[in-house]
1. Only one of (1) assigned to a loop (DSSP other than H, G, I, E, B); (2) in contact (Cβ under 8 Å) with a residue 12 or more places away in the chain; (3) more than 23 Å from Ala105 (Cα to Cα) fails for Tyr3. Which number is that?
2. Are there any pairs, at least 6 apart or on different chains, whose C-beta atoms fall under 6 Å, with the first in segment 14-29 and more than 19 Å from Arg50 (Cα to Cα) and the second buried (at least 20 other Cβ atoms within 10 Å of the Cβ) and among the acidic types (Asp, Glu), and if so, which?
3. Does Leu8 meet the test of being of a type in the set (A, V, I, L, M, F, W, C), under 20 Å from Leu81 (Cβ atoms), within 13 Å of the chain's Cα centre (by Cα) and part of a loop (DSSP other than H, G, I, E, B)?
4. Those residues that are assigned to a helix (DSSP H, G or I) and either hydroxyl-bearing (Ser, Thr, Tyr) or within 14 Å of the chain's Cα centre (by Cα) (or both), I need them from segment 19-34; list them, please.
5. Which of the residues spanning segment 9-35 are of a type in the set (A, V, I, L, M) and closer than 20 Å to Val91 by Cα?
6. Across segment 52-97, what is the total count of residues that are without any contact (Cβ under 8 Å) to a residue 12 or more places away in the chain and either assigned to a helix (DSSP H, G or I) or within 18 Å of His7 (Cβ to Cβ) (or both)?
Amino acid sequence: MPYAAQHLAQPPSRDDVDRLSGATVVEFGTPWCPHCLRAQPLIEAALKDRPDVAHIKVEDGPGQPLGRSFRVKLWPTLVFLKDGKEVARLVRPQGGQEVLDAVRALAA
């Protein structure tokens, strides 16, 4: 699954996320967040040639259970999962290289 430009209409449950297999990046943010908008080209570039890495884009906010279960406090937060287990996290990435390195490490 390539880069997801749109947030999911219905986010997965935490149980669904915990059962994922393979490499997955779960992105928490909102469509209006300036930090999220600034990070989109970085995330897209890191995932564009990675069909082996799933990308799940979740709209977050107060009371959203998936974001709270991952203790998301700032947007965007990228949670890198291997077979449903968190292996890394980036909060408000500033450069493309850090996102690219994290995706490469996840898929290795």
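1. The number of the failed condition is (3).
2. Phe28/Asp60
3. Taking the combined requirement at face value, the residue satisfies it.
4. none
5. Residues of segment 9-35 that are of a type in the set (A, V, I, L, M), as a first pass: 9, 17, 20, 23, 25-26.
Once the filter is applied, which keeps residues that are of a type in the set (A, V, I, L, M) and closer than 20 Å to Val91 by Cα, segment 9-35 yields Val17, Ala23, Val25, Val26.
6. 4
Laboratory data are not the source of any read-out in this text; all were calculated from the coordinates shown. All values reported here derive from a predicted model rather than from experimental measurement. Don't worry about glycine lacking a Cβ; one is built from the backbone with ideal geometry, like all the others, and counts go over all protein chains shown.
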